[in-house]
Amino acid sequence: MNSTLASRLTPISNEMARNIILAVFGSLIVAGAAQISIPMWPVPMTLQSLAVLLVGGAYGARLGAATLALYAVEGAVGLPFFAGGKDGIFDAKLDYLFPSGSMGYVVGFIMAAALVGYLAQSGWINSFARMIAASLVGAAVLYVPGLLWLGVWAAKTQGMDFSAATNAALNWGFIPFIPGDIIKAVIAGLGLSATWKNVGWNRVEK
């Protein structure tokens, strides 16, 4: 595996210290992106996916996934890091405890960061086209747990049958987001590859 963009840009020789600092910083970046949102129910439209793709591509598979896992834990334990400054995993609008409809996407963030990071470390970051493709794949992967859980949530909390819940999940959590996610994937891919070419690729591998 190649070294990562983040490791080349961070002047900290101690790997553990560097990874801890990068993970905390990355989780704050994703948390900040979550606050830039267009209110939509039950899944808001935010800049989180762009931040996830950038963190994954810059950090690599393991640190990228760990950073997004840290972000999930931070929000789950009470920090206002989820969209709209929310915290916790449960839907406060219900009369009973049940994880909110967007929690599947938080799991998807971890998967997307790991995949994009893996592809970047595998050399895709050397090419604008391949890094854009990696970002598009990552953006698509995060929908797998996102839509699966949103369908379960719709069935459980809205009293829908399987067909209605499936349609609701697609209409609430996928179709409206396609154009924006394509744009964000292109931005992430171009940004990561351009930074690598301008800063990283002539340096000696660590």
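The values are calculated or read from the model by the stated rules, or taken from the named source; none is laboratory data. Computed from a prediction, not measured in an experiment: that's the story for all the values here. Please note: Cβ atoms are built from the backbone with ideal geometry, for glycine as well, and neighbour counts cover all protein chains shown.
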Which ones in region 67-89 are of a type in the set (A, V, I, L, M, F, W, C) and either in contact with a helix residue (DSSP H, G or I) (Cβ under 6 Å, 6 or more places away or on another chain) or in a loop (DSSP other than H, G, I, E, B) (or both)? Leu68, Ala69, Leu70, Ala72, Val77, Leu79, Phe81, Phe82, Ala83, Ile89
The listed residue being of a type in the set (Gly, Ala, Ser), free of Cβ contacts under 8 Å to residues at least 12 places away in the same chain and either in contact with a Leu (Cβ under 7 Å, 6 or more places away or on another chain) or not in a helix (DSSP H, G or I) (or both), out of Ala92, Ala164: Ala92
In region 137-193, residue surrounded by the fewest Cβ atoms within 10 Å (Cβ to Cβ) [restricted to those that are of a type in the set (D, E, K, R) and more than 20 Å from Val116 (Cα to Cα)]: Asp161
Residues within region 24-77 that are polar (S, T, N, Q) and under 16 Å from Ala140 (Cα atoms), tallied: 3
Is it the case that region 114-129 has a residue that's more than 30 Å from Arg8 (Cα to Cα), touching a residue at least 60 places away in the same chain (Cβ under 8 Å), touching a Phe, Trp or Tyr at 6+ places or on another chain (Cβ under 9 Å) and surrounded by fewer than 24 Cβ atoms within 10 Å (Cβ to Cβ)? no
Please determine whether any residue of region 12-23 is crowded, with 16+ Cβ neighbours inside 10 Å, assigned to a helix (DSSP H, G or I), under 17 Å from the mean Cα position of the chain (by Cα) and at pLDDT 95 or above. yes
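Here is a yes/no grid of residues against (1) surrounded by fewer than 14 Cβ atoms within 10 Å (Cβ to Cβ); (2) among the acidic types (Asp, Glu); (3) under 30 Å from Asn171 (Cβ atoms):
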site: Met45; (1), (2), (3): no, no, yes
site: Ala65; (1), (2), (3): no, no, yes
site: Leu79; (1), (2), (3): no, no, no
site: Lys93; (1), (2), (3): yes, no, yes
Flag if Asn2 is crowded, with 18+ Cβ neighbours inside 10 Å, outside any helix (DSSP H, G or I) and touching a residue at least 40 places away in the same chain (Cβ under 8 Å): yes
Being buried (at least 24 other Cβ atoms within 10 Å of the Cβ) and assigned to a helix (DSSP H, G or I) is the requirement here; does Gly57 meet it? yes
Hits in region 29-46 (condition: touching a strand residue (DSSP E or B) at 6+ places or on another chain (Cβ under 9 Å) and either assigned to a loop (DSSP other than H, G, I, E, B) or of a type in the set (Ser, Thr, Tyr) (or both)): Gln35, Ile36, Ser37, Pro39, Pro44, Thr46
Can you name the residue in region 24-43 that is of a type outside the set (Ser, Thr, Tyr) and buried (at least 22 other Cβ atoms within 10 Å of the Cβ) and is also farthest from Gly104 (Cα to Cα) among such residues? Gly26
